[in-house]
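Take a look at the structure below.
The values are calculated or read from the model by the stated rules, or taken from the named source; none is laboratory data. Just so it is clear, the structure is predicted and the values come from calculations on it, not from any experiment. Virtual Cβ from ideal backbone geometry, glycine too; neighbours counted across all protein chains shown.
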Amino acid sequence: MNRFNDFVFWTKNTLFRQDAMKLYKQALLSEKLPTEELNKINWEKRKKLIRFAYERIPFYKEYYDDNHFHPDMLKKEDDWKLVPILEKCYVRNRRGDLMDSKTRRSYFAESTTGGSTGTPMKVFWDKRFKIEITGWRAFRWWNISPADNVGIIHRRVPKVAWAKFKNRAMWWPTKRVYLNAVSMTEEEIEQFVKQINDKKVVWLQGYVGALERIADYIIKYEKKVTSLKLVWSTSAPLLMNVRVKLEQAFRCKIMNQYGSNEISNIAQQCPNSPHLHIHYDYVHVDVVDSDGNIMIDKEGDILVTNLTSYVFPLIKYRLGDRGCRLSETCTCGCNLPLMKEVKGRISDSIYTPDGLYVDGNYLNSVFDNYFQYFDQFQIYQKKDYNIVVYIKVKQPRANNIDIVIEKIKCRLENDVRHQILISMEEVDYIKDDKGKIRYIISELTPYISN
């Protein structure tokens, strides 16, 4: 930790961003509260948000009335199941009715979803909540400071001279180096790795697909990264084989994060567990079965409630991901509840002609026991139901690789009950989507957004 950087960072925030500092101090206190107190804070925030939405947001008044729900019905925690689920189609088609027209437009920040389950969709979040404080809190778990020199891989990076100068001035004395995740040449990756070492970058944040490409470059050319202490992986499932590769290349620990464009930071990993701490004081997470029943310790559809956004409330919003909330607590001392890492979207699944559904979370685990053989994979289902599994084999090629490939193929054939053709195709490269990686793609999947 650079003490001078740290002093300047916190001094600037104390002087000029008192609202952020107040939220940050509250966040540090909240994570240590007894579970009962945390649950009470979360519950009161949910009730307050529901009341606000019903009284101020046209869509919710209409939607709740149509579903015979009223905020007065929330007397105890079990009543939460009465709140209707918000589907993506409502957000897409009724966006204007989900906005609070009485709040100043300066409080609205626009975000566009990536569109991996359909066409991109615009949503809003509330500028009055400083989302970065959840990241600051997570850094403390890893003994990292937000003031440490950082490398960022993103779709939006400073490009013109004025933007670069403004960025340097704003973050001084912290050094920040950028790489555009949309299109990365080998020369750009080479320069980025050099900057990481030259500027002694301490933590690196980026999309999983982009991080994997950089890791491939480092391993291929036997480069060394000497200053990194943490890599923050986001925007896609972090599979075991990818985590191992990143740790090998970057020579540091990997922090997995779960978030979305609608709600940017939902949960983050601490060093003591493979699971993720939900930012429970700011986000509520439900996991439900096909009938909407709330479950603990079982996998289902993830619903999120953004407790901090009043300009565009998202309440029991079905994100389109599958996950599992856990009843266990972490040994790290943080009392924020845990969820398992999210391995895939509801849409990342495959189907057979007779309607058999093979879950994407399961499919993402097919290669877990074979990561020493493969760098990347992608399961692609065509409109005729047949499946091509693209695989990038590690070099040098293992002597028994053909046996392993055949074993995986047989497993997948059994999974689909031999109803469709499975073919395995070795490739040199699997294309990412602007730095994000999709492991399962089906042309037959019904879009969650429809």
Completion exercise
Flagged in segment 129-158 as in contact (Cβ under 8 Å) with a residue 40 or more places away in the chain, in a loop (DSSP other than H, G, I, E, B) and among the charged types (D, E, K, R), in numbering order, are 130, 148, 155
Exercise for the section: Please tell me if residue 27 is crowded, with 16+ Cβ neighbours inside 10 Å, modelled with pLDDT of 95 or more and closer than 28 Å to residue 228 by Cβ. Expected result: yes
Handout entry: For residue 102: the one exception among (1) assigned to a loop (DSSP other than H, G, I, E, B); (2) at pLDDT 95 or above
Key = (2)
Handout entry: Residue check, residue 244 in contact with a Phe, Trp or Tyr (Cβ under 8 Å, 6 or more places away or on another chain) and either under 26 Å from residue 366 (Cα atoms) or not in a loop (DSSP other than H, G, I, E, B) (or both)
Key = yes
Exercise for the section: Could you list all residues from segment 188-241 that are touching a Gly at 6+ places or on another chain (Cβ under 7 Å), of a type in the set (A, V, I, L, M, F, W, C) and in a loop (DSSP other than H, G, I, E, B)? Expected result: 201, 236
Exercise for the section: List every residue pair whose Cβ atoms lie under 9 Å apart, where the two residues are 6 or more positions apart in sequence or sit on different chains, the first residue falls within segment 7-24 and is surrounded by 11 or more Cβ atoms within 10 Å (Cβ to Cβ), and the second residue, located anywhere, is part of a helix (DSSP H, G or I) and of a type in the set (S, T, N, Q). Expected result: 20/13; 21/13; 21/14; 24/13
Fill in the blank from the handout: If we keep only residues of segment 196-209 that are surrounded by fewer than 18 Cβ atoms within 10 Å (Cβ to Cβ) and in contact (Cβ under 8 Å) with a residue 24 or more places away in the chain, then the residue nearest to residue 1 (Cα to Cα) is 200
Practice task
Could you tell me whether any residue of segment 66-74 is touching a residue at least 24 places away in the same chain (Cβ under 8 Å), farther than 16 Å from residue 286 by Cα and part of a helix (DSSP H, G or I)?
Solution key: yes
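Per-residue answers, yes or no, for (1) on the phi > 0 side of the Ramachandran plot; (2) assigned to a strand (DSSP E or B); (3) crowded, with 18+ Cβ neighbours inside 10 Å; (4) touching a strand residue (DSSP E or B) at 6+ places or on another chain (Cβ under 8 Å):
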site: 362; (1), (2), (3), (4): no, no, no, no
site: 388; (1), (2), (3), (4): no, yes, no, yes
site: 399; (1), (2), (3), (4): no, no, no, no
site: 405; (1), (2), (3), (4): no, no, yes, yes
site: 409; (1), (2), (3), (4): no, no, no, yes
site: 414; (1), (2), (3), (4): no, no, no, no
Exercise for the section: Taking the options 344, 323, 360, 355, name whichever one is modelled with pLDDT of 85 or more and among the small types (Gly, Ala, Ser). Expected result: 323
